Amino acid sequence: MTLKLPGVALALFVGVWGAGIGRASAQEPQPQTTTAPPDQPAPQAATEETSPGRKWPPFGIGIGPGVLGLVPTGDSTNPQASLTVVGRFIRSRRRPAGLVPALRFSLGGQKTELITSNAVAYGSVHVRPLMGGVGWSQPIADRVSTVFSVVVGYSWNGLDLSDLKTSGRPRLTEPGAVVSVGNSFATELSSRLWFDVTNRVSLMAGLSFLHTRPELTLNDGTTRPWSADQLRLQTGIAFTILKPRH
C-alpha cells in the first residue's frame, strides 16, 4: 500500500490549525450587551422654596424699643409721651404683600389723672387693652412697606386713689369723685410705615386710633360712660429675632 506523504501531512496540518483557531475563538471574551438604565431626573439645587425649613410660625418676628405719644380725643385732656415696645410680624421676601397678624397690648396700663372741679388731683384711672386682629402688609418702595391693621379686644380698667402724680399724663375732670371704673371693649385702627435698614433692623413710624368707652361710677351713685378715645403716634426700631419661614 503506497501512501502519499505530502498530501497526508497537508491534511494533518489543516486539521490541527483549525482546531486551534476554534479553541482560541471560544476563549476570547464576548462583548456584553447591557440595557441602558432608565433616564433619571437630574438633581435639583436646593432653594429656599424647596428647603423644608420650620413649620411654625410662618412669619418672622421683630421687637425693639419705641416712643408712644397719646393725644386724647374724648373726655380727657393733655397729651402724654412714654416709652413703649415696638413689635412686628414679617412676611417672606418672596411674598412681601399679604395678610399678617396684628397684636396690641399695654403692659403697665395707660393712666389718666382724676381731677376735681377745683383742679385737685385725687387719684388715677387706667385702661389696659389686649387686642388681636389682622393687617395687610404692602411694599411701596425698595425696603419700604406699610401695614394697615384692625384689632379688637377687651380692656381691663382700674382705679387707684393713692396715685397722685399730676404731671405728664392725660387728665379727666368729673363733677363728682370717681369711685369705680368698669371694663370695656376696645378697637384700634392703625397704619405703620416700615423702613428696612438691614435684613435684621427696621425703623417704624405709625399712627393709630384707639376707641373704648369704660363706665365710671361717681360718689353720688350715678354712672356715666367715659370717652377714653386716643390718637396714638408711635415711632421706634425693631430687631428681627426670628426670620420668616421660607
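A short reminder: the numbers here are calculations on the coordinates, not readings from a lab. Note that this is a predicted model, so its numbers are computed, not measured. Note that each Cβ is placed from the backbone with ideal geometry, even for glycine, and that neighbours are counted across all protein chains shown.
Taking a point 7 Å from the Cα of THR77 along the Cα-to-Cβ direction, the residues of segment 111-125 with backbone N closer than 15 Å to it are 113-121. Put a dot 7 Å past the Cα of LEU207, heading toward its Cβ, do the same for ASP220, and the two dots end up 4.0 nm apart. Working from label points 7 Å from Cα in the Cα-to-Cβ sense, the THR198 to ILE237 distance is 1.1 nm. Please give the FRET efficiency for LEU189 paired with TYR154, using the beta carbon to beta carbon distance and R0 = 22 Å, rounded to the nearest 0.05. Once the sixth-power term is evaluated, E becomes 0.80.
Can you tell me the length gained on complete extension of the stretch LEU107 to VAL67, counting 0.36 nm per residue apart and subtracting the Cα distance? Mind showing how you got there, number by number?
Numbers: separation 40, 0.36 × 40 = 14.40 nm, distance 1.45 nm.
Value of the extension gain: 13.0 nm.
Stretching the chain fully between SER227 and ALA97 yields a gain of 43.2 nm (0.36 nm per residue, less the alpha carbon separation).
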